[in-house]
1. Tally Lys/Arg at +1 and Asp/Glu at -1 over every other residue whose Cβ is under 15 Å from the Cβ of K455; what's the total?
2. Could you size up the charge dipole of the chain around its Cα centre, putting +1 on the beta carbon of Lys and Arg and -1 on that of Asp and Glu, and report it in debye to the nearest 20?
3. Could you tell me the largest-minus-smallest coordinate of the C-alpha atoms of segment 167-218 on each of the three principal axes, in descending order and whole angstroms?
4. Against the longest principal axis of the chain, how steep is helix 111-124, in degrees 0 to 90 to the nearest 10, with axes from Cα atoms?
5. Could you calculate, for segment 66-216, the ratio of the Cα radius of gyration to the Kirkwood radius, expressed as Rg to Rh?
6. Rounding to the nearest 10 and keeping the result within 0 to 90°, find how far the Cα-based axis of helix 24-49 lies from the longest principal axis of the chain.
7. Given labels modelled 7 Å from the Cα in the Cβ direction, how far is it in nm from S52 to M411?
8. When volume of the Cα convex hull per residue in Å³ is calculated directly from the model, which label among (i) 192; (ii) 151; (iii) 164 fits?
Amino acid sequence: MSIVFRLTGAVFAVSLTGCALQGNGMADYYKRMSAERLVQNQAMMTRIQARSLPLDTTLRLDQTAMVMVNVPAEGAEPATQARLFAGCNLSTLAMDYRREKDWSSPYVLPADPARNIAQQMCQAVRNSAWKQLPGETEDLLLLDPGTLAIDNSRRSIWAGIDYGRTRLDESEGKPYGHQFERIEVDCATRQASTRLAYRLGEDILLPPPVQPLDSALDKEQRARLIGTVCAEPANMAQLATPVIRKKLPPNMLTPEASAPLLAQVSALPQGQPTHTLSHLQFTYNASSPLVPRAVINDHPMDLYLQPGPARGIWREQATGALGSESVRLRWRGMIELAATSRSQNAGKTDQRSTLANIDLDGDWQNLKPGSDIAYSKKFTDSTGKTFVQKFECSVGESFPATQTVASLQGMARKVTCVTDSALKTSNAYLYLEAYDLFVETSESSTLLVQVNTLKAAE
């Protein structure tokens with residue numbers, strides 16, 4: 001199963017709007033914290049080494065093997081859990097473990113004893129080869145014949161679901177696309193139970209919650225799995241190898257705009273679209289003038305488009321963008337009316353924008369090349385006070401949209417908008433005449449510089 005598993009330093013979450021902390025005081029603080037973590041990590045590894053590893057529950061994804069270890073209480077230290085990750089191609093070993101409220105950062109263990117433990121784990125799943133069960137549903141049922149264990153009529157195996165649509169974790173709202181389960185089957189009674197369950201996020205296994213996950217298998221999937229596991233084991237080799245699929249975005253709430261605002265916006269001048277779009281694919285580069293080391297290059301981003309609640313309004317759902325997944329209502333794809341995003345609590349969404357009305361200046365219906373246009377947004381904050389944002393825009397020359405992406409229809413124009421706010425924000429758009437849609441291609445401010453390159457359009 002071709003899954004790239006990133007761990008220990010290969011994945012970083014960077015806040016591009018934060019501030020750099022400098023000074024000897026902070027350097028000393030981080031040095032002290034690093035030393036304390038090292039002592040804690042070494043103590044945890046000593047506790048783990050004193051126990052036998054449950055190698056029969058080792059899960060393998062591509063070149064990474066993982067095993068969960070239940071660590072009993074020792075002295076003043078409470079009972080906990082730890083995960084060991086073995087790199088089977090390099091015989092490396094990393095570890096993280098449950099703390100009081102969260103999980104530790106991954107810790108790469110020294111070569112001795114890491115190499116020996118990694119080899120044991122990888123040897124336990126040396127025949128791992130994920131397969132896909134036949135089925136016509138959006139979600140695919142998987143199993144790993146290389147992890148099948150047989151004890152008379154009882155069998156156990158790693159199985160999983162490859163979801164067609166990204167899902168959001170109930171506890172923290174983190175996205176995941178797979179759930180893997182260690183299934184124990186009694187072939188005499190045709191009953192099955194789940195011993196362990198893990199979720200795979202964006203190429204990384206999510207830390208398991210305190211309460212074990214429920215099985216994700218429905219009745220039909222469970223019956224198919226039991227039938228396959230209880231049949232002749234050699235038959236599993238004939239199953240198809242799963243392929244990597246591009247997932248649909250998670251189901252998220254559509255933000256609400258007030259009825260008066262929708263009525264006002266739908267009456268604004270618009271173009272005459274002859275085609276529509278449902279999906280745009282980008283890569284983007286991002287950096288922060290405040291944090292020079294915070295740089296992202298060639299990161300994929302998808303924008304899913306649907307008609308909004310009124311004429312001229314698009315519902316845009318972005319995945320892979322900076323921050324969390326978001327859903328926005330935008331007039332003609334440019335002016336944001338309302339937005340929601342994943343919160344940090346149970347994947348709920350929070351309203352983030354409140355807009356009272358929009359005023360336009362210039363010919364927004366025809367968007368003549370070389371012309372100047374403008375718009376302003378009047379907001380009401382939580383205290384009832386109002387403030388206005390003004391944007392001045394310039395329209396560039398027309399050119400065939402196929403010069404950007406071959407599948408696009410009609411003509412395109414580049415439009416640039418600036419505002420005199422404290423952040424000195426500037427936005428660039430590609431206006432697609434056949435769709436009456438503005439596609440944002442860059443954003444620049446004193447906090448963030450991001451450039452989006454449109455790669456494909458459906």
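1. Summing Lys/Arg as +1 and Asp/Glu as -1 gives -3.
2. I would put it at about 540 debye.
3. Sorted largest first, the three principal extents are 39, 21, 17 Å.
4. Once rounded, one gets 80 degrees.
5. On the way: Rg = 16.8 Å, Rh = 17.2 Å.
Radius of gyration over Kirkwood radius for segment 66-216 works out to 0.98.
6. 30 degrees
7. 7.8 nm
8. Recomputing volume of the Cα convex hull per residue in Å³ here picks out (i).
Rule-based calculations on the coordinates, nothing more; no lab input. It should be emphasised that the depicted structure is a prediction, and the values quoted were computed from it without experimental measurement. Positions of Cβ are backbone-derived with ideal geometry, glycine not excepted, and every protein chain shown enters the neighbour counts.
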